[in-house]
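Contents: one structure, followed by commentary.
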Amino acid sequence: MPLLSRLKSTLLTWPKAGEWAISLAIFCGAAVMIVAVALVSGLIHWQPRLDTWPARLSVFAVPAFAEELVFRGLLVPGRGESRHAVRWIAFGALAFVLWHVIEAATILPGAGLFLHPAFLACAGLLGLACAVARYRTGSLWPAVLFHGVVVFAWQVLFGGPTVQELLR
């Protein structure tokens, strides 16, 4: 399937109730692992910034939607589209991790945090969970939602930096 057709298909497909349930199970498992890595490494700590939550909703557009469009919408094949889906899922997750390294080196020079091994492990877990959900459902939307929720919670509840803070 050509990439633009794949992208169109994943954007226009809305998961059925059972597919949302599968996605939720995938995301709950990934969230437990991400939180465990982040807590042990000190990446997160309880630091609610509830007064800023409306401004943080933009994370559902960038990075969640934009990154999911590329790393899951384009790179992850639909079911039955490739005999090598596992390879593409792994490649997409790895490319997502490497993107954060490139981003830290070029676009967000204040994002040394993006080079921290625990951050990269969390990004890998997030990328893998989103890729598996995208493959299982054929839809990009569960991955966008999970990615957005993770970044939103990190910034609003757990002391994660905003893009503006990384640019300083």
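Computed values, structure above
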{"quantity": "Estimated inter-spin distance, Ile107 and Phe60, nm [label 7 Å along Cα→Cβ]", "calculated": "2.1 nm"}
{"quantity": "Extreme residue, positive dipole direction of the stretch 1-139, given options Ile34, Gly73, Pro109 (C-beta unit charges)", "calculated": "Gly73"}
{"quantity": "Size descriptor, Kirkwood hydrodynamic radius, that averages inverse alpha-carbon separations across the chain, Å", "calculated": "16.2 Å"}
{"quantity": "Full-stretch length increase - Cys28, Leu3 - with 0.36 nm per residue and alpha-carbon distance subtracted", "calculated": "6.1 nm"}
{"quantity": "Dipole moment magnitude, nearest 20 debye, the stretch 60-168 about Cα centre, only Lys, Arg, Asp, Glu C-beta charged", "calculated": "360 debye"}
{"quantity": "Taking the chain and dividing mean pair separation by its residue count, relative contact order in percent (alpha carbons under 8 Å, at least six apart)", "calculated": "40 percent"}
{"quantity": "Accessible area per residue in Å² at 1.4 Å probe, computed on the stretch 38-134", "calculated": "51 Å²"}
{"quantity": "Peptides 26-33, 70-77, 153-160 ordered by average Cβ neighbours within 10 Å, highest first", "calculated": "70-77, 153-160, 26-33"}
{"quantity": "Stokes-Einstein diffusion coefficient of the stretch 83-168, Kirkwood radius over Cα pairs, 20 °C, 1.002 mPa s, in µm²/s", "calculated": "156 µm²/s"}
{"quantity": "Computed [θ] at 222 nm, deg cm²/dmol, the chain (DSSP H ≥ 4; -39,500 (n - 2.57); rounded to nearest 500)", "calculated": "-20000 deg cm²/dmol"}
{"quantity": "Portion, in percent, of the accessible area of the chain that falls on carbon or sulfur, probe 1.4 Å", "calculated": "74 percent"}
{"quantity": "Linear extension gain, Val35 paired with Asp51, 0.36 nm per residue minus alpha-carbon span", "calculated": "3.5 nm"}
{"quantity": "Kyte-Doolittle at least 0.0, axis length at least 24 Å by Cα - qualifying DSSP helices, the chain", "calculated": "17-41, 85-106, 117-137"}
{"quantity": "Inter-probe distance in nm under a simple model that places probes 7 Å from Cα toward Cβ, at Glu165 and Ala95", "calculated": "3.0 nm"}
{"quantity": "Lys, Arg +1 and Asp, Glu -1 on Cβ, resulting dipole of the stretch 26-120 about Cα centre, debye, nearest 20", "calculated": "220 debye"}
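The values are calculated or read from the model by the stated rules, or taken from the named source; none is laboratory data. As the structure is a prediction and not an experimental result, all values here were calculated from the model. Using ideal geometry, Cβ is built from the backbone for each residue, glycine included, and neighbour counts are taken over all protein chains shown. We work out accessible area using only protein heavy atoms, side chains counted, and drop any ligands, DNA or RNA first. Shrake-Rupley method; radii C 1.70, N 1.55, O 1.52, S 1.80 Å.
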